[in-house]
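Bear in mind these aren't lab numbers, they're just calculated from the coordinates by the rules spelled out. Small disclaimer: the values here were computed from a predicted structure and weren't measured. Cβ placement follows ideal geometry from the backbone for every residue including glycine, while neighbour counts extend to all protein chains displayed.
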Amino acid sequence: MNPNKSTHLKEQLRKLPNKPGVYIMYDRFRQTLYVGKAKNLKKRVSTYFQASRRINHTQPKIRALIALVDDFDFRCVNSESEALLLESQLIKKYKPRYNTSLKDDKRFLLIQLNLKEALPKFRLTRNKIYKHYRYYGPFPHSSSLRKTLNIMKQKFGILLSDATPKKIGDKEWRLYDDARAELSDLPNVITEEAYKKRIKDACQFLEGKTEETIQDLEGKMKAFAQKQNYEKAGAIRDHIIAIEQTSKRTRKFERNLIGIISESETLECLQKALNLNALPASIECFDISHISGSFCVASMVRFQDGKPDRKNYRRYKIKSFVGNDDFRAIEEVVARRYKRLEKEGKAFPDLIVIDGGLGQVHAALKALMYENINPPNLIGLAKKNETIVFPDGSPSLNLPFRDPALRLLQHLRDEAHYYANNFNAELRSKKIKESILDDFKGFGVERKSEVIRHFGTIEKLKQAGLDEILAVKGIGPKTGLKLLEYLQSLA
């Protein structure tokens, strides 16, 4: 192993805590090789780099992985369940080559409850589909979840997905017609009002009110153990473990995976990295999109308190010139944006981010100075090496890849890029549709509009026969035949 690489990995290993979490291994190109979870990060990750460990010698795949590892990162979490959830999300996001499972879109189980049903059932699902349903989870331990639901059915007398209750009379329901009616000590015939009370108790149980049930089970387990009925005692112990695993609270992780730290902590990291006087609570980012100088557009996305503020995203058509000039485009949209804010008396953002290097940043600064606008904090993010550049001649900055501040800037830049590209594609698509009829001689604006209105889409027009074309108001046989021949020539 390269001595420098070995020294770096040893330094990283010393930083590992004795806590549960997830570790991410990278190659020298910073590509994700492997994502794993650990009950104890220090112990687990260290096993990969101890030559005496048998794991290195018996599994060729592990040996190949270790030979490629150039760096690793880690995230601490509160529990093994959280580690399992985060591991799954990271694997689905990065699809590491050495992770053989969890690359598909299989999700952890949720409990789904439709409270609008007369007798709501506790069903299992992997997707939140209906907004008016109540969901619990996700639950990383599926077998424990299924055991817990069966315990809940017995304790609270609730219905699971296999139940087919029957209404008897005006107000009462029979829950089961078979042996399942004997599983619970609670009545099998019940009113809707009484069943709602069962639902409430069961939901509180899922939300963590499990102490009474666990104490009751522990008492039964001890009684069986004292009678040396260890089989039943063991079965009850498994029930207790299942309930504890199911009811353990797990945090939800943001899809952008900036990190496990909060948004406020991320903003504090950014403030410190950029040496700002105040927290950058509001950030706006600009990006330019064009295809060989055509359809030149810009986007502005805004983040508030570290999160996308999509209702305040903006998009711009470049008006001051035609062609390919990112600097002029940046100058135009920055001027338009902040002249408008100044005119409306609205607050400027705490930080402006330009997708690009010094040239683009200087163009933005030029626009602000020309309009006599006191510039807010301004930086550029050059994609090649994720280099942060400053307009005042300060040295450029390269943050560590795993730094939360950089992750936030990347998320901001990627949002702006996506928004600009989508707008560009939308305009190109619209132009293509319009130009098909623009190039057909003999149609004015009104006639073209009438044809488009009649068929709805260009695709339907291209598939139309002569009779359908002649059905358009104002088109006679001669023009209709010419249009049909023209459309066929485009096929």
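Could you state the angle between the C-alpha long axis of helix 192-206 and the longest principal axis of the C-alpha atoms of the chain, as a value from 0 to 90 degrees rounded to the nearest 10?
80 degrees
Which log10 I(q)/I(0) values does the range 263-369 give at q = 0.12 Å⁻¹ under the Debye formula, counting every alpha carbon as one identical point scatterer?
Evaluating at q = 0.12 Å⁻¹ gives log10 I(q)/I(0) of -0.43.
What is the Cα radius of gyration of the range 361-419 over 2.2 N^0.38 Å, N being its residue count?
The range 361-419 yields a ratio of 1.24.
Residue by residue through the range 175-189, what is 3J(HN,Hα) from phi via Karplus (6.51 cos²θ - 1.76 cosθ + 1.60, θ = phi - 60°)? Round to whole Hz and write x for glycine and proline.
Rounded to whole hertz, the list is 6, 9, 10, 10, 5, 5, 5, 8, 5, 10, 6, 7, x, 7, 9.
If I take all pairs of Cα atoms in the range 439-490, what percentage of them are more than 12 Å from each other?
Beyond 12 Å sits 61 percent of the P(r) for the range 439-490.
Considering just Cα atoms, how many Å³ per residue does the convex hull of the range 74-229 enclose?
So the per-residue Cα hull volume is 175 Å³.
If the viscosity is 1.306 mPa s and the temperature 10 °C, what translational diffusion coefficient in µm²/s does Stokes-Einstein give for the range 3-94 when Rh comes from Kirkwood over Cα pairs?
118 µm²/s
If you project the alpha carbons of the range 327-395 onto the principal axes, what extent comes out on each, in Å, largest first?
38, 23, 18
If all Cα-Cα distances of the chain are sorted into 10 Å bins from 0 onward, what percent lands in each bin, rounded to whole numbers?
P(r) for the chain, in whole percents per bin: 3, 13, 16, 17, 18, 16, 11, 5, 1, 0, 0.
With labels modelled as points extended 7 Å from the Cα through the Cβ direction, what inter-label distance (nm, one decimal) is found for Asn18 paired with Lys319?
Label at Asn18, label at Lys319, 6.6 nm between them.
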